[in-house]
């Protein structure tokens, strides 16, 4: 048995051990000839060897862990939904149904309870994360997610959504699964790759359990959480989706999230209508992202205590529901079910619900309430599609499918446009409808909405917040930079070269070497195409042997190794090593004689150095962001100028606020670790961690009363 769980190589990685633990060499046989009677003895080891190659403890245990995470997630989602639905039925449908005026204050009460709960539940670096935070954790931080913080956010979502806030239950369900996946993997001390995989398994199980749609859950994890396909990972993710769905079904029942009628595709003449719906869905998806960013920024800059902001946001949502429609409160599942079952109340009313939800959800989340952004996107799509279908029926009559069909397509199109996950947007409505007839218009609208949304706005409803913090999600695994860089990234373009002609004289070549620091030139023929390469050693050999040569073409090397712009630098380095040359002409793949540039060894070194510096800078930036999040502070850097109050004083004399800590001083080219008796000088750059509320006081202490404080 393997005893190195948690080492760099997960579980069993030694090819010399079989699953039974014996020390035979897998795949190798010592006997050369066997008698026919020895057939069973010859076959059994081969079968075992094949099993060893196809199956390992690593894969087996990962399957068990994926199933475990899926079942835990399914159980957690079921408990979460029971709590949320029970509170919503009691408060909004019960109390709000009997006393309508209470709808004005219920979301505010939910926001206040959520703010106080989050404030006292999260401590230190145990801060929960949203789906965007899960994406960042998987891409940049090895999938490390706080279990305590995530549970706090999920309970906060019960208060927010259960008391009428406009948000969904799916994102908290994803948080439940991701937290379970991260916790299980970290407890077992698995590698970062395995942690990321189990986080994705949990996220998959969360979406699958929430919608009773395991296929859509798989694609959600691949498109949103992982951002890439991997054969082994997909196998474990699928198993987690099945486990999560089966577990939640055993508790919540085997019913889909929405009741979807049978779809009927009237005629191909309807496709232009779905094209228009796709354009409208893209516009709604972009507005959804834009409103989220703007309203969150508005609340962030609002100068009131942080714990009062969710309460204020709840009051606004309550007013929208009281004077508009209560359909925007909570998850909105009932309103979606109504339009899918054909209980529409008019196109104008449905379009008004789109507007109200576009405002209510950003207010709920932007003010600090907890909940998801997934279900509101489905609500927007359903109301938009149903309203569009009613309007189309009024204009074209019986040639148009039912509004429910357009509602279903609208759900997928708006979801894809807002989340930028086209396969998820396609598979979720299809899996709920379980009708192949919907695929054609659904694909049409989803792809169109995704493309238009990406053209208008780069960020999705999940990534806009990360971009504000300067976080760029890229592949997190360590890559060989030489393999990641192409020849085109490093080469000198042809228009910047000083080529010589094959017909030029030797004297011209001598002058070219004397006028430049180059040790070789590309040689072109009369047509301007690649002829060969000539080096300083070729010229020296000519003079040493006193060979008769009149032109450069006579001494140039015509059989030269070449590379293409799309080759990697790793491939180019093989040519440098095998041919022992210092330069490689870069040519067109379709025309090997057409010169596109020249790659020198120095170019490779320069490109690698620049890429390494950029990568280290990016890693330092993300580490800074992690520190700010963990300490709930911001990194402040400012320069001391002549006349500032702090110049000449020691740090001990500054009386720095309790919410600020000076962590470093940059003095010229040196970085100093400050002490209490460290005297500050003009030109010093002070780096400190401060809470936003203490920054102004800290800067006032550093500067004179007449100076204008500003962070550098």
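The values are calculated or read from the model by the stated rules, or taken from the named source; none is laboratory data. Computed from a predicted structure; not experimentally measured. Cβ placement follows ideal geometry from the backbone for every residue including glycine, while neighbour counts extend to all protein chains displayed.
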Test each condition in (1) assigned by TED's automatic domain parsing to the domain that holds residue 488; (2) modelled with pLDDT under 80; (3) assigned to a helix (DSSP H, G or I) for residue 581 and report the one that comes out false.
(3)
Given the criterion modelled with pLDDT under 95, assigned by TED's automatic domain parsing to the domain that holds residue 441 and under 23 Å from residue 298 (Cα atoms), identify the matching residue among 368, 385, 397, 389.
368
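Being farther than 30 Å from residue 304 by Cβ, modelled with pLDDT of 75 or more and in contact with a helix residue (DSSP H, G or I) (Cβ under 6 Å, 6 or more places away or on another chain) is true for just one of 646, 679. Which residue is that? Break it down into steps so the answer makes sense when it comes.
Numbers: 679 fails: in contact with a helix residue (DSSP H, G or I) (Cβ under 6 Å, 6 or more places away or on another chain).
The conditions single out 646.
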Subset of region 647-681 that is in a loop (DSSP other than H, G, I, E, B) and out of contact with any strand residue (DSSP E or B) (no Cβ under 8 Å at 6 or more places or on another chain) - its residue that is nearest to residue 701 (Cα to Cα)
655
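Restricting the search to region 656-684, which residues are touching a residue at least 40 places away in the same chain (Cβ under 8 Å) and at negative phi?
Kept after step one, since they are touching a residue at least 40 places away in the same chain (Cβ under 8 Å), are these residues of region 656-684: 656-657, 680-684.
656, 657, 680, 681, 682, 684 - these are the residues of region 656-684 that are touching a residue at least 40 places away in the same chain (Cβ under 8 Å) and at negative phi.
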Being modelled with pLDDT of 85 or more, touching a helix residue (DSSP H, G or I) at 6+ places or on another chain (Cβ under 9 Å), farther than 30 Å from residue 688 by Cα and not assigned by TED's automatic domain parsing to the domain that holds residue 138 is true for just one of 586, 560. Which residue is that?
586
Among 356, 340, 348, which is under 19 Å from residue 105 (Cβ atoms) and in contact (Cβ under 8 Å) with a residue 12 or more places away in the chain?
356
Which one of 522, 534 is surrounded by 13 or more Cβ atoms within 10 Å (Cβ to Cβ), in contact (Cβ under 8 Å) with a residue 60 or more places away in the chain and assigned to a strand (DSSP E or B)?
522
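Give region 589-611 a look and list any residue that's buried (at least 17 other Cβ atoms within 10 Å of the Cβ) and either modelled with pLDDT of 80 or more or under 16 Å from residue 521 (Cβ atoms) (or both), or say none.
Our first condition is that a residue be buried (at least 17 other Cβ atoms within 10 Å of the Cβ); within region 589-611, this holds for 595-600, 603-604, 607-608, 611.
Scanning region 589-611 gives 595, 596, 597, 598, 599, 600, 603, 604.
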From the options 199, 138, 154, residue that is in a helix (DSSP H, G or I), modelled with pLDDT of 90 or more and outside the structural domain of residue 327 (by TED's automatic domain parsing):
154
Among the residues of region 368-400, the number that are crowded, with 24+ Cβ neighbours inside 10 Å and part of a loop (DSSP other than H, G, I, E, B) is 5
Is it the case that residue 355 is out of contact with any helix residue (DSSP H, G or I) (no Cβ under 8 Å at 6 or more places or on another chain) and under 29 Å from residue 157 (Cβ atoms)?
yes
For residue 263, all conditions in the list (1) surrounded by fewer than 21 Cβ atoms within 10 Å (Cβ to Cβ); (2) modelled with pLDDT under 90 hold save one; what is the number of the exception?
(1)
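Please verify whether residue 337 is in a helix (DSSP H, G or I) and buried (at least 20 other Cβ atoms within 10 Å of the Cβ), treating the condition exactly as stated. Before you say what the answer is, go through the steps one by one.
Details: in a helix (DSSP H, G or I): yes; buried (at least 20 other Cβ atoms within 10 Å of the Cβ): no.
So residue 337 does not fit the description; no.
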Residue among 64, 106, 112 that alone is within 26 Å of residue 196 (Cα to Cα), modelled with pLDDT of 50 or more and under 40 Å from the mean Cα position of the chain (by Cα)
64
For region 573-590, name all the residues that are touching a residue at least 24 places away in the same chain (Cβ under 8 Å) and farther than 22 Å from residue 536 by Cα.
587, 588, 589
